[in-house]
Structure formats: structure tokens, C-alpha cells
Amino acid sequence: MSAFTDARAISHAIVAAHGLRFGAATAAAISAGRFSSDEPVYRGAKQACTALGFIAIDAECLARAWQAQAMRTGAFDANQWPETPADFGLRAFPPTERGDAFAPCPERLGLYAVLPDAQWVGRMARAGVPTVQLRFKSDDAATIEREVHAAVDAVRGTDALLFINDHWQAAIAAGAYGVHLGQEDLDALAPAQVQQIRDAGLRLGVSTHGYAEMVRADAVSPSYIAMGAVYPTTLKRMATAPQGVARLAAYARLLRGYPQVGIGGIDAMRLPEVLATGVGSVAVVRALVAAEDPETTAAQWMAAMSAASA
Ligand SMILES: Cc1ncc(COP(=O)(O)OP(=O)(O)O)c(N)n1
Ligand SMILES: Cc1ncsc1CCOP(=O)(O)O
Ligand SMILES: [Mg+2]
């Protein structure tokens, strides 16, 4: 029972149980920052999650989940890393059954090619890639509209599901399959604008980089949740350190019920360990766009993914 009431013992027990896979920081005196409760499980878990390298908002989120888990089960078990949605304050799972759920997409989106223009979108769609994204960066509305329409035209006659990154209004206007938004993109939208995407029947994918962002994403009941960057990537400046596969696996267990996408620095060597986390989709830019033969590479990745899910 002392382990249930002694924050220091709780912290040590969590680090001992999970330090190997998450990589415990060696400095014993890492500050956990502010505590929002005096509960020993919460305090011990916050200290432990900080020592395990989680950023402050995620350590807070996890600490509350550890506390909620202990309350729900009536015991503190250091081996039981929180993975029950209700312990994180998430609403009822599966999210597809909620009144505010976005239109559903396949649970396993498979190989997901994130592409810089409509020409690439057409090329990878014709190569049989099941999920493609137009990630076209421009500030010019007319250029964006033209490219988004071209991407929608480019997947016609293929089975590819086309997500449009960022440009949700153009995506609605062009009749794309879905939209992908990052946390900042989502924060910039008024609830009525999020509802506009929902009402138009487009699927919504949301980027996340840790537990707190998953809670934020879950609040809009998106069609899928992307998690990254799994590994270092040169393609995008990331505000958070690479998550690694141990965290990705923990995220995937929490978010069972959502289609899940891993992204960031994934290459052919790393693909098996990413798939082993249970995510149903792997999103890549350079692995395809910089490949010597993108069509052959796509075919190899799709075969590897089919074999892994068989
Ligand atoms: C599948 C997928 N996951 C993550 C991202 C990144 O989106 P975001 O954080 O909005 O960053 P930008 O791509 O807009 O720079 C993505 N595009 N696709
Ligand atoms: C857009 C984006 N969002 C998170 S990582 C990333 C880039 C992924 O590119 P790559 O697969 O080349 O590392
Ligand atoms: Mg974005």
C-alpha cells in the first residue's frame, strides 16, 4: 500500500518499469515543474514521465491518466502504462459512433504518399498507392485552387484516397476525399469552420506529436490521427523531438479505434518496426519522392505492408 501513497516510490517504480523502452534520463534531479494536484500517484507519475523524457504538457497529461487509472482500478500498478481512453479524459470509443464524428476512412490507410504537387499525386495514384496527400505550400489562393483541382482530377479513375493538406476550403470546393490539418491549422479554425468540413462529408486527418495533442485531436473526432515525427526528418522543422517507436506503440494502443498513421523519417529499413507498433498506415515523403524508381519502391512498400498485415 505504501507504493500507492509515496510519490517518490511511485516515481521510481514507473521509471524502473518503463525506463528501458522509453529511455530514462539519468539525471535524478530533473524538475517536473508545477504540480496541479497533491495526489501521490499523480505527483510520482509526473516526476517519472518527466524523467522518461516526455515534454511538460505530455507529462502532465500522463500523470493525470496514471492517477485516473489508479482511481478506476483501485490500485497503482507501475507496469500498467496508461492506455485506456477514459483515463485521458477522452470521450467514448469508438469515435465513429459519436454524433460529431467525421466521415470514416479505412482503418488501414496503408502506404500514404505525401506529395508536393498534383503531378506527383497522379503518378503515385496510378502506381496503386492507396492513400495520397497533396502537400502544396503556397500563399496564392488562385494557385492553390488550381493545384487542388488538378490533384482531384489526377486521382480520378484510380482507387487512391486523396487528402489535401492545409487548404480545406479548396478541398471542399474541389470535392476531395479528405483534408489533413496540423494542430496549428486546427487551432486557427473556428468551430463553425471545423463543422463546415464535417458537413461537407470530407474526412479529416489530424497531426499529433504527443499525448496532449492527441487529446486535442480527439476533441473533434477526426477520421484518422497521424503521429510523428517517428524519426528525425529533414523535410519539416519539428517543434518536438522524434518520438521513436516505443512511444508510437504506446500511442497506437491508446488510440485503438482510430485509423492511425505514423510519419516522419520512415525508410525501408525502419518500416518493419513501425508496422510492428500496430499503426495501419505509414506516411512518407522522401522515401518515394527521392527514390530512384518511385513506382517500384511504392510496389515494394505496399507488398511489405500487405505481408505485415496478413
Ligand atoms: C499524414 C500527415 N501527417 C502529418 C502531417 C503534417 O501536417 P502539419 O503538422 O500541418 O504540417 P504541414 O504538412 O502542413 O507542414 C501531414 N502533412 N500529413
Ligand atoms: C510533413 C511531415 N510532418 C511530420 S514529419 C513530415 C515529413 C515527413 O517526410 P519524410 O518521410 O521525408 O521524413
Ligand atoms: Mg498543416
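Tabulated results
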quantity	calculated
The one condition in (1) farther than 30 Å from Q300 by Cβ; (2) over 20 Å from the mean Cα position of the chain (by Cα) that Q119 fails to fulfil	(1)
Residue under evaluation N165, criteria (1) closer than 25 Å to M214 by Cβ; (2) away from ligand 3 (no atom under 16 Å from the Cβ), criterion not met	(2)
Scan of region 270-287 for residues that are under 12 Å from the mean Cα position of the chain (by Cα) and either more than 14 Å from G228 (Cβ to Cβ) or among the polar types (S, T, N, Q) (or both), ordered by number	G280, S281
Scan of region 168-195 for residues that are within 11 Å of ligand 3 (Cβ to nearest atom) and assigned to a strand (DSSP E or B), ordered by number	V179, H180, L181
Residue list for region 283-302, restricted to those being surrounded by 15 or more Cβ atoms within 10 Å (Cβ to Cβ) and either of a type in the set (S, T, Y) or not assigned by TED's automatic domain parsing to the domain that holds M124 (or both)	T297
Residue in region 195-244 that is farthest from ligand 2 (Cβ to nearest atom), counting only those that are touching a residue at least 24 places away in the same chain (Cβ under 8 Å) and acidic (D, E)	D218
Filter pass, A170 being crowded, with 18+ Cβ neighbours inside 10 Å and among the small types (G, A, S)	yes
Members of region 88-123 found to be surrounded by 16 or more Cβ atoms within 10 Å (Cβ to Cβ), among the aliphatic types (A, V, I, L, M) and either within 14 Å of ligand 1 (Cβ to nearest atom) or free of Cβ contacts under 8 Å to residues at least 24 places away in the same chain (or both), listed by number	L109, L111, A113, V114, L115, V121
Those strands (runs of 3 or more DSSP E) lying entirely in region 217-310 with at least 1 residues within 13 Å of ligand 1 (Cβ to nearest atom) and closer than 19 Å to F54 by Cα	224-228, 260-263
Test result for A127, more than 16 Å from ligand 3 (Cβ to nearest atom) and farther than 30 Å from M302 by Cβ	no
Only listed residue being under 11 Å from the mean Cα position of the chain (by Cα) and either in a loop (DSSP other than H, G, I, E, B) or within 14 Å of ligand 1 (Cβ to nearest atom) (or both), chosen from G205, G201	G205
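So that you can scan it fast, the table gives a plain yes or no per residue for (1) aromatic (F, W, Y); (2) under 23 Å from D38 (Cα atoms); (3) in contact with a strand residue (DSSP E or B) (Cβ under 6 Å, 6 or more places away or on another chain):
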{"residue": "D58", "(1), (2), (3)": "no, yes, no"}
{"residue": "G89", "(1), (2), (3)": "no, yes, no"}
{"residue": "G122", "(1), (2), (3)": "no, no, no"}
{"residue": "Q133", "(1), (2), (3)": "no, no, yes"}
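The values are calculated or read from the model by the stated rules, or taken from the named source; none is laboratory data. Note that this is a predicted model, so its numbers are computed, not measured. Neighbour counts run over all protein chains shown; Cβ positions are idealised from the backbone, glycine included.
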